[in-house]
Amino acid sequence: MDIQKLIESLTPNERKILPHLEEKNLDDICRKSNLDKVSVLRAFKYLKKKKIISLATEKKKIVEIGLNGALYRKKGLPERRLLSLLEEKRIILIPEAQKESKLSQDEFRAALGALKKKVLIELKNGKIIFNANKEEISRKSLEELFLELLPLDLDTLSPEQQFALKSLQNRKELIQIQDKKTTKIEITDLGKKIISLKTNPENLIEKITPEFLKQENWKGKKFRRYDVTSHVPAIYGGKRHFVNQSCDYARKIWTEMGFKEMTGNMIQSSFWNFDALFTAQDHPVREMQDTFFLDKKTKLPEKKIVKEIKDAHEKGVKGSKGWRYLWDEEEAKKLVLRTHTTSLSSQTLSELDLNKLPQKFFAVGKCFRNETVDWKHGFEFNQTEGIVVDPNANFRHLLGYLKEFAKKMGFEKVRFRPAYFPYTEPSLEGEVWNEEKKEWVEVFAAGIFRPEVTEPLLGKPIPVLAWGPGFDRMILKIFEINDLRELYKNDLNKLRKTKVLMK
């Protein structure tokens, strides 16, 4: 592009700042061009791309006045105010000195420390004894001189200023050191040539509107030249966090499969979280190492269901032997951050109308466990719960539900293995293949609720299929993330670039 065409491509703001580039100071350019800093900086970038200027960013550490520093620069440092008092009374009681100086307790202590360090005063028998002469009082301290000069470049401080800085840094909000960026402007040879021409084309058409075309105002005028190959700024529209999108998708899957949603609090009683699910009160999962307990207790539900759960633990149901220990009601009252959404299933079963079977329920929600954090474990995670209450339900149905859900979540390779859980029999663990890590990753924990769970809650041992996949591990595949910890880092750049779940 020749110089004339280049000049015709300049935006109005570029043309405004062009005559003032030799100032090489952002504030001066803003003032003379009547533009704000954002507009000037944006114009700088355009001019750089057109090779009219070159830009260099310089980082500096600047020592600036703090909140208290601004106050003390106006009223004087606490030691200066105390000195003014001591000039009149060379010996004064400490309580009296604080009262008359009108300094706060912290300010008074700081003033005493500073003056004592400079051997201007002596503390003896609860009194302040002033040892300095009038010349020492009138002479400004290094700290006072330093405050008056701020802001200063940290790298350019003299030894005396560095001493003052170190002294003032020990005091609250007197000074602050901040990183500041400065933009250095250099005009290129091309830029100097354009400036020397002093050509400022006017009446270049910037935009076209229907009215403009109708009135034929464009005739005989020039359009500003545009570089159609330039990259336009990326625009990121508002969207929900991808974890929330995934949870909504899971809800869609279960709803389309005929399930109703269960909801409930993240804080649950040990009764619903453990006892109603036939988890023994001395089971390791209920220890502090695995569960987050709250320092409070709650009331238990109606006596009848509490008695049924107690009997199931102590004696078993219909031929089973239970856990053979004395069930403690106080232990069941302890509040916990729910370790699984299965606590919602136990409550749902206790309120179920048996005349309306079969029924299917699901939940998607946060759970909490005292886990060691790594790429596939977190101390908080999402789980998607499911139960099917049906007198005709069997183990094959359970596998079918799990396979269908995994398939809809994008997992083709699924395998099941026998497992043990206190509240299901038979039990299984389901795993999906992680191609990136080249290993099977557990996502399903499932089974059929034991009679010790269903009979106390339902009144009779109806088959209940139950599962609780670790849902966050499934999200990893959808968004091609290799580490659970990446889900909640909330890196703004990554969130902007993360695709919207369109399933």
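The values are calculated or read from the model by the stated rules, or taken from the named source; none is laboratory data. Here the structure is a predicted model, which means the values were calculated and not measured. Positions of Cβ are backbone-derived with ideal geometry, glycine not excepted, and every protein chain shown enters the neighbour counts.
Screening the range 453-473 for residues that are under 18 Å from E412 (Cα atoms) and either at pLDDT 85 or above or not assigned by TED's automatic domain parsing to the domain that holds D353 (or both) and picking the one that is farthest from the chain's Cα centre (by Cα) gives F471.
Please state which one of K297, K321, K303, K260 is closer than 22 Å to S346 by Cβ, of a type in the set (D, E, K, R) and assigned by TED's automatic domain parsing to the domain that holds K408. None of the others qualify; the one that does is K260.
Tell me, please, whether a residue that is of a type in the set (S, T, Y), at pLDDT 85 or above and more than 30 Å from R496 (Cβ to Cβ) can be found in the range 204-223.
Taking the range 204-223 and keeping what is of a type in the set (S, T, Y), we get 209.
From the residues that got through so far, the ones that are at pLDDT 85 or above too are none.
Checked against the condition, which is being of a type in the set (S, T, Y), at pLDDT 85 or above and more than 30 Å from R496 (Cβ to Cβ), the range 204-223 yields no hits at all.
For the criterion of being part of a strand (DSSP E or B), among the hydrophobic types (A, V, I, L, M, F, W, C) and in the same structural domain as D483 (by TED's automatic domain parsing), L428 passes. When every residue of the range 127-135 is checked against the conditions, none turns out to be part of a helix (DSSP H, G or I), of a type in the set (V, I, T), out of contact with any Phe, Trp or Tyr (no Cβ under 7 Å at 6 or more places or on another chain) and surrounded by 14 or more Cβ atoms within 10 Å (Cβ to Cβ).
C367 meets all of the listed conditions (1) of a type outside the set (D, E); (2) surrounded by 20 or more Cβ atoms within 10 Å (Cβ to Cβ); (3) out of contact with any Asp or Glu (no Cβ under 8 Å at 6 or more places or on another chain) but one, namely (3).
For beta carbons closer than 7 Å, sequence separation of 6+ or different chains, a first residue in the range 144-156 that is in contact (Cβ under 8 Å) with a residue 40 or more places away in the chain and a second that is in a helix (DSSP H, G or I) and surrounded by fewer than 17 Cβ atoms within 10 Å (Cβ to Cβ), the qualifying pairs are L147/R73; E148/R73. Step by step: first the residues of the range 22-41, then only those that are at pLDDT 85 or above and hydrophobic (A, V, I, L, M, F, W, C), then the one that is surrounded by the fewest Cβ atoms within 10 Å (Cβ to Cβ). Which residue is that? So, considering only residues that are at pLDDT 85 or above and hydrophobic (A, V, I, L, M, F, W, C), the one surrounded by the fewest Cβ atoms within 10 Å (Cβ to Cβ) is V38.
N244 fulfils the conditions (1) touching a helix residue (DSSP H, G or I) at 6+ places or on another chain (Cβ under 8 Å); (2) surrounded by 12 or more Cβ atoms within 10 Å (Cβ to Cβ) except for a single criterion, (1). One residue stands out among those in the range 56-88 that are in contact (Cβ under 8 Å) with a residue 40 or more places away in the chain and of a type in the set (K, R): the one that is surrounded by the fewest Cβ atoms within 10 Å (Cβ to Cβ), which is K59. Cβ-Cβ distances below 7 Å connect the following pairs, each with a first residue in the range 352-363 that is within 16 Å of I253 (Cα to Cα), a second residue that is among the aromatic types (F, W, Y), and a separation of six or more residues or different chains: K360/F259; F361/F259; F362/W254; F362/F259.
Within the range 42-65, count every residue that is assigned to a loop (DSSP other than H, G, I, E, B) and either within 28 Å of L152 (Cα to Cα) or at pLDDT below 85 (or both). Before the answer, list the steps.
So the first thing to find is which residues in the range 42-65 are assigned to a loop (DSSP other than H, G, I, E, B), and the list is 50-52.
Retained after the next criterion (residues that are either within 28 Å of L152 (Cα to Cα) or at pLDDT below 85 (or both)): none.
Total satisfying the criteria: 0.
Per the conditions (1) under 37 Å from the mean Cα position of the chain (by Cα); (2) surrounded by 12 or more Cβ atoms within 10 Å (Cβ to Cβ); (3) more than 16 Å from I62 (Cβ to Cβ), the sole criterion not satisfied by K172 is (2). Looking at I194, I177, just one residue is in a strand (DSSP E or B), modelled with pLDDT of 80 or more and not polar (S, T, N, Q), and that residue is I177.
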